[in-house]
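Colleague: Dropping a structure here in structure tokens format, bear with me for questions.
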Amino acid sequence: MPSDTAMLTPSETPAFLTRLAAIVGATHLLTAPADLAPYLTDWRGRFTGRALAAVRPGSTAEMQAVVRECLAAGVAMVPQGGNTGLVGGATPDASGRALIIQFSRLNRIRQVDPANDAIVVEAGCTLAAVQAAAEAAGRLFPLSLAAEGSCQIGGNLATNAGGVQVLRYGTMRDLTLGLEAVLPNGELWSGLTALRKNNTGYDLRHLLIGAEGTLGIITAAALKLFPRPAETVTIWLGVASPAAAVELLAATLAVFDAQLTAFELICPLSLQLVRQHFPQLPPPLVAPWHVLCEFSGSAEDDLPQKAENFLAARLADSAISDGVLAQTNAQRKNLWALRENISEAQKKEGVSIKHDIALPTSRIAEFLQRIAPLLTTRFPGIRHVAFGHLGDGNLHFNVSMPDAAANTRLLAQEHEVNEIVYDLVHAQEGSISAEHGIGQLKREFLTRYKTPAWLAAMRAIKHALDPAGLMNPGKIMID
Ligand SMILES: Cc1cc2nc3c(=O)[nH]c(=O)nc-3n(C[C@H](O)[C@H](O)[C@H](O)COP(=O)(O)OP(=O)(O)OC[C@H]3O[C@@H](n4cnc5c(N)ncnc54)[C@H](O)[C@@H]3O)c2cc1C
């Protein structure tokens, strides 16, 4: 919580709120409990907090004025984009003294420059809106994830979002040319250049990306665009095991190289849950494990033929047990719907203990082989949903018990479950957070695995930029 600044007392609160309303307009300041309720709980329903109010600045200048008021009054700020984050990063704490900062009015596409393959957008644009603006200009903005209709660019930046095309295009960090942000002291940091080369000292852009709103408020970004691939081919493959999937990845890259844009691993339980909760989406084939794979390129690449030849060759050398090539756009969408509804199906099933981990791709099969007995010995009956972006070594490994009472008991032992999973990830030189961030969910594990030197540097940076500790307190770091 705020350290160097006096905190707002209850008697000062009405005047503070009046000053905020004067900045943004009364209709853009939410204080009624019913209006605030949707913003107090995270997407998974695992974290609930309280807040003084939620404010919706309509311009960068309004944002600066709001931050200055908060600084003067010692009020903590919690930036919240689409609230689709999975680690409780956008949920306020229980004190009820923080202000939620929302971005829905900062949603302009400021500039599209196809000749420079760049787009400048405000933080409150949804990812889908940015994809659409790029498409309207005949370009591709490649970040793609299941929450793209709701998540916002500011949230994507603050979490360094990944998604299904990192293999080809990189994470949000790789896709960002410049940023504009309001710093915790209310000053505007204008780094909104659309340059591919710019070596002019420390680059605050890379500190703000992935900082989960703890170092400042991102208000706009200059992002990279790409040529739109003329052709996209999607295939669904059955494989014997995760080890076979890793071998298949190498074989696929050897043939397709940069034409491979997605390579997703899916365990049988993931599909079973999708089938149960979305019966309109039957799996295309039966296999021990599944891979969803996508290629894109120019018309000259003749990808459909190349993919068909590849399928035939992999069936012949038994690298796959079966394969389906989407023949129409509707079939392609259906294959992706199976993958993209895994999170939703798990949510419908109940709460699970989620792990978004990164490992060297070469060690993923070993991880899955070793983790299963470790967990089952300690928690008999535990089940695992394992799926994710195998192409970039990112696995979503979520555990739960099949029946509700046993699951409640398991959730009470979440810390022990996490220790088992993360200790193995750490021993295998992996990361406890691949693309979702730390938020509130993983704070204690950050301090468990990061070295003292690493933590000290992070604290020094935080203190230098946010000495009052008002920017999204309680997220990422434990002091
Ligand atoms: C079904 C589903 C699928 C998902 N799939 C993926 C996936 O494949 N890959 C992936 O990476 N993530 C995935 N996510 C997680 C989530 O969508 C991403 O983390 C997304 O980037 C969050 O964006 P948001 O706008 O919802 O951010 P929020 O949840 O609102 O906030 C996330 C964090 O960013 C901070 N923040 C938000 N806006 C700003 C801003 N303007 N300035 C500073 N800080 C800010 C918040 O304080 C918080 O710490 C998925 C989520 C769901 C529900």
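The values are calculated or read from the model by the stated rules, or taken from the named source; none is laboratory data. The model shown is predicted, which means the values in this text are computed figures rather than measured ones. FYI the Cβ positions are ideal-geometry reconstructions off the backbone, even for glycines, and counts take in every protein chain you see. Just so you know, the surface numbers come from the protein's heavy atoms only, side chains and all, with ligands and any DNA or RNA stripped out. Shrake-Rupley method; radii C 1.70, N 1.55, O 1.52, S 1.80 Å.
Colleague: Give the relative contact order (percent, whole number) for the chain; include only Cα pairs under 8 Å separated by 6+ residues. Write down the numbers at each step before the final one.
Modeller: Working: 955 pairs, mean separation 77.2, N = 479.
16 percent.
Colleague: For a quick size check, give me the Cα extents of region 109-227 along its three principal axes, largest first, whole Å.
Modeller: Answer, in whole Å and largest first: 38, 29, 26 Å.
Colleague: Determine the alpha carbon to alpha carbon distance for each of 348/462; 354/450; 306/333; 347/475; 224/348 and list only those over 26 Å.
Modeller: Pairs exceeding the cut-off: 348/462; 224/348.
Colleague: Share of the chain's accessible area from carbon and sulfur, percent, 1.4 Å?
Modeller: About 54 percent, which is the carbon plus sulfur part of the accessible surface.
Colleague: Let me ask something else. For region 228-331, what is Rg from Cα atoms divided by 2.2 N^0.38 Å, rounded to two decimals?
Modeller: That works out to 1.06 for region 228-331.
Colleague: Scan around residue 98 for amide H atoms under 5 Å from its own, H built in the peptide plane at 1.01 Å from N, and keep only partners 5 or more places away or cross-chain.
Modeller: 52
Colleague: Next question. Any idea how far the Cα center of region 280-336 sits from the one of region 360-402, in Å?
Modeller: What the calculation gives is 25 Å, centre to centre.
Colleague: Ok, one more. Would you mind working out the accessible area per residue for region 124-263, using a 1.4 Å probe, and quoting it in Å²?
Modeller: Value for region 124-263: 36 Å² per residue.
Colleague: If each DSSP helix of 4+ residues adds -39,500 (n - 2.57) and the sum is divided by the residues in the chain, what number results at 222 nm, nearest 500 deg cm²/dmol?
Modeller: -10500 deg cm²/dmol
Colleague: Stokes-Einstein at 37 °C, 0.692 mPa s, Kirkwood radius from Cα pairs: D for the chain in µm² s⁻¹?
Modeller: In µm²/s, the coefficient is 139.
Colleague: Whole-Hz Karplus ³J(HN,Hα) for region 413-428, in order, using 6.51 cos²θ - 1.76 cosθ + 1.60 and θ = phi - 60°, x for Gly and Pro?
Modeller: For region 413-428, the Karplus curve yields 10, 3, 4, 5, 4, 4, 4, 4, 5, 5, 4, 5, 4, 5, 4, 8 Hz.
Colleague: From the backbone phi of region 196-207, what are the Karplus-calculated ³J(HN,Hα) couplings (6.51 cos²θ - 1.76 cosθ + 1.60, θ = phi - 60°) in whole Hz, Gly and Pro given as x?
Modeller: Karplus-based 3J(HN,Hα) across region 196-207 equals 8, 9, 6, 9, 10, x, 4, 10, 4, 3, 6, 7 Hz.
Colleague: Okay, next question. Extension gain residue 197-residue 19, at 0.36 nm per residue separation less the Cα-Cα distance, in nm?
Modeller: Taking residue 197 through residue 19 to full extension adds about 59.9 nm, to one decimal.
Colleague: Per residue, how much accessible area does region 16-112 have with a 1.4 Å probe, in Å²?
Modeller: 38
Colleague: Something else about it: Using a 1.4 angstrom probe on the protein heavy atoms only, line up 190, 352 by accessible area, largest first.
Modeller: Largest accessible area first, the residues go 190, 352.
Colleague: Could you list the square roots of 5 times each eigenvalue of the Cα gyration tensor of region 344-461, that is, the equivalent ellipsoid semi-axes, sorted largest first and rounded to whole Å?
Modeller: Rounded to whole Å, the semi-axes are 24, 17, 14.
Colleague: Once the other residues with Cβ under 11 Å from the Cβ of residue 133 are scored (Lys, Arg +1; Asp, Glu -1), what is the net sum?
Modeller: +2
Colleague: Taking only protein heavy atoms and a 1.4 Å probe, what accessible area per residue, in Å², does region 347-479 have with all protein chains in place?
Modeller: Values: 5610 Å² over 133 residues.
Ligands and nucleic acids excluded, the result is 42 Å² per residue.
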